[in-house]
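In what follows, a structure is listed as structure tokens, so that the remarks can point back to it.
The values are calculated or read from the model by the stated rules, or taken from the named source; none is laboratory data. What you see is a predicted model, and the numbers here were worked out from it, not measured in a lab. Don't worry about glycine lacking a Cβ; one is built from the backbone with ideal geometry, like all the others, and counts go over all protein chains shown.
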Amino acid sequence: MDIFPISLKLQQQPCLIVGGGHIARRKAALLAKAGAVIDVIAPEIDSGLLEIVQQSRGQYLQAPFSAEIQLRPYRLVIAATDDKAVNQAVFAACEAENVLVNSVDDPPHCRFMVPAIIDRSPLVVSIATNGASPVLSRQIRTQLEASIPHGMGKLADFSGKWRAAVKAKIANPDERRIFWEELYASPLKEQVFHGNTAEADRLIEQALLDWQQPKGEVYLVGAGPGDPELLTLKALRLMQQADVVIYDRLVSQPILELCRRDAEKIYVGKARSNHAVPQEGINALLVKCAQEGKRVCRLKGGDPFIFGRGGEEIQELFAAGVAFQVVPGITAASGCSAYAGIPLTHRDYAQSVRFLTGHLKEGSPELPWSELVYQNQTLVLYMGLVGLEKICAQLIAHGQRPDMPVALISKGTTPEQKVVVGTLADIASKVSAHQIQAPTLTIIGDVVSLREQLQWQD
């Protein structure tokens, strides 16, 4: 993050605009909505801009900008002339006085940016690109405008009216946050939107009377194979309301950043022979946090019920009497194969698919080899990179043809995705040559040959 977003209170605060044209008028209109007192310095001034200045009880100085002008009294300054040299001179003068300054359409000479704004006062949403693409900011604003009801401003006002009463009733800030979240999900919101203030007041009074300390709960959430856009809507909602996020190694950073920002985040990732927290410790941690009344998001890569040990974790929760939900995720087999252009089934090549773990026990693959050597079947191996050479050798030894196509998909669905194709006979030798690293999914079957036709992702 290259900029730090803040919201300034400018009611009755002096602000200066250097420039008297239409750009200056546009900036002045925004400052006026925020209640600022606007001064303008320019040789000439647009009539509409002059009207805004007068209405704000500011002053117009008919003069070019000079370094002798006193800037220290102003909260912020906007350089909005069509002369780049003048704008840069304004920037330099403001920097010398430690005054916040914005040079319109000149990011290097800005100490603050003016974002695209959605105004649902007192709710204000701003979108900024650090000056990289104002057009993109405006496009995003247009998209969000349609999704934020105009009644949200009324809801914000209503919440402000009741904030002190809610705080007096519910002292714990975490519990208070849950109260508001539940309230916003109730019929009260629509009552406020439609102006039924009396009914809304009755509903919140009743909610305060009925309020009880919330019980903890665990959300067992599948984060999918890596691409954050593959998250389900329910997964995203629960991630953003959880008090604690307990996450695995395979959860990508972009997905983790979608969790509630102030949630406590605990890493319990497991790599081969390197477990940050043993499974028994994870189970105990889930129970402990939930029994403290916290909403816990147990975030797992892929799907929690497909080689994710989710069943073990909820058994522990059930035994402890802890409430839980399970949110399926797109498993690596489905996501990675799709992004690699390899269908797991195909009428002409494979009518069945088997999901297998390639984890080795005491150095030997524990797999039903005779069942795996079967025509028109796709094999998908999770976590099979370390034992790949032995797995390929065993399949060949049990009758599978050495030229059976094999694909290795490393970091599938992410920008770092890498796909290497070979055969049972040679795929193991390609691991080091192509620097394939975990997490890697292995697909074995004739469907792999379709990648040449169906590949859509580089």
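Summary table
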{"item": "Val322 being closer than 16 Å to Ala407 by Cβ and among the β-branched types (Val, Ile, Thr)", "result": "no"}
{"item": "Within the stretch 304-337, tally of residues that are out of contact with any helix residue (DSSP H, G or I) (no Cβ under 8 Å at 6 or more places or on another chain) and of a type outside the set (S, T, N, Q)", "result": "12"}
{"item": "Of residues in the stretch 436-457 being part of a loop (DSSP other than H, G, I, E, B) and over 13 Å from Ser410 (Cα atoms), the one modelled with the highest pLDDT", "result": "Gly445"}
{"item": "Strands (runs of 3 or more DSSP E) fully within the stretch 1-105 counting 3 or more residues that are without any contact (Cβ under 8 Å) to a residue 40 or more places away in the chain and among the acidic types (Asp, Glu)", "result": "none"}
{"item": "Unmet criterion (only one of (1) at negative phi; (2) surrounded by 17 or more Cβ atoms within 10 Å (Cβ to Cβ); (3) touching a Ser or Thr at 6+ places or on another chain (Cβ under 9 Å)) for Lys84", "result": "(2)"}
{"item": "Residue within the stretch 378-401 that is aromatic (Phe, Trp, Tyr) and surrounded by fewer than 20 Cβ atoms within 10 Å (Cβ to Cβ) present", "result": "no"}
{"item": "Contacts under 6 angstrom Cβ, first residue in the stretch 369-382 being more than 17 Å from Ala333 (Cα to Cα), partner part of a helix (DSSP H, G or I) and modelled with pLDDT under 95, 6 or more apart", "result": "Trp369/Gln394"}
{"item": "Ser103 being modelled with pLDDT of 90 or more and of a type in the set (Ser, Thr, Tyr)", "result": "yes"}
{"item": "Of all residues in the stretch 253-278 being modelled with pLDDT under 90 and in contact with an Asp or Glu (Cβ under 8 Å, 6 or more places away or on another chain), the one that is farthest from Val221 (Cα to Cα)", "result": "Lys270"}
{"item": "Matching entry among Ile69, Ile3, Ile17 (being modelled with pLDDT under 95 and within 40 Å of the chain's Cα centre (by Cα))", "result": "Ile3"}
{"item": "Elements of type strands (runs of 3 or more DSSP E) in the stretch 367-435, at least 1 residues being in contact with a His (Cβ under 6 Å, 6 or more places away or on another chain)", "result": "418-423"}
{"item": "Hey, Glu316 surrounded by fewer than 16 Cβ atoms within 10 Å (Cβ to Cβ) and farther than 22 Å from Glu175 by Cα or not", "result": "no"}
{"item": "Ala156 vs. criteria loosely packed, with under 13 Cβ neighbours inside 10 Å and not assigned by TED's automatic domain parsing to the domain that holds Leu238", "result": "no"}
{"item": "Ser449 being out of contact with any Pro (no Cβ under 8 Å at 6 or more places or on another chain), among the hydroxyl-bearing types (Ser, Thr, Tyr), surrounded by fewer than 19 Cβ atoms within 10 Å (Cβ to Cβ) and not assigned by TED's automatic domain parsing to the domain that holds Phe307", "result": "no"}
{"item": "From Ile178, Ile117, residue being among the aliphatic types (A, V, I, L, M) and surrounded by fewer than 18 Cβ atoms within 10 Å (Cβ to Cβ)", "result": "Ile117"}
{"item": "Leading residue by the ranking (nearest to Lys215 (Cα to Cα)) among those in the stretch 292-302 that are part of a strand (DSSP E or B) and touching an Asp or Glu at 6+ places or on another chain (Cβ under 6 Å)", "result": "Arg295"}
{"item": "Looking only at the stretch 122-137, and only at residues there that are part of a helix (DSSP H, G or I) and under 21 Å from Leu8 (Cβ atoms), the one that is modelled with the lowest pLDDT", "result": "Pro134"}
{"item": "Qualifying residue in the stretch 330-339 (condition: in a helix (DSSP H, G or I), in contact with a strand residue (DSSP E or B) (Cβ under 6 Å, 6 or more places away or on another chain) and of a type outside the set (Gly, Ala, Ser))", "result": "yes"}
{"item": "Count - residues of the stretch 39-63 that are among the polar types (S, T, N, Q) and surrounded by 12 or more Cβ atoms within 10 Å (Cβ to Cβ)", "result": "3"}
{"item": "Which numbered condition Arg111 misses (of (1) closer than 16 Å to Leu10 by Cα; (2) in contact with a strand residue (DSSP E or B) (Cβ under 9 Å, 6 or more places away or on another chain); (3) of a type outside the set (S, T, N, Q))", "result": "(1)"}
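Per-residue answers, yes or no, for (1) in contact with a Pro (Cβ under 8 Å, 6 or more places away or on another chain); (2) surrounded by fewer than 16 Cβ atoms within 10 Å (Cβ to Cβ); (3) among the aromatic types (Phe, Trp, Tyr); (4) assigned to a loop (DSSP other than H, G, I, E, B):
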{"position": "Ala198", "(1), (2), (3), (4)": "no, yes, no, no"}
{"position": "Glu205", "(1), (2), (3), (4)": "no, yes, no, no"}
{"position": "Gln213", "(1), (2), (3), (4)": "no, yes, no, yes"}
{"position": "Ile255", "(1), (2), (3), (4)": "yes, no, no, no"}
{"position": "Pro304", "(1), (2), (3), (4)": "yes, no, no, yes"}
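Table: residues versus (1) farther than 21 Å from Pro173 by Cα; (2) touching a strand residue (DSSP E or B) at 6+ places or on another chain (Cβ under 9 Å).
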| residue | (1), (2) |
| --- | --- |
| Ala198 | yes, no |
| Gln213 | no, no |
| Gly216 | no, yes |
| Gly222 | yes, yes |
| Gln241 | no, yes |
| Gln253 | yes, no |
| Glu257 | yes, no |
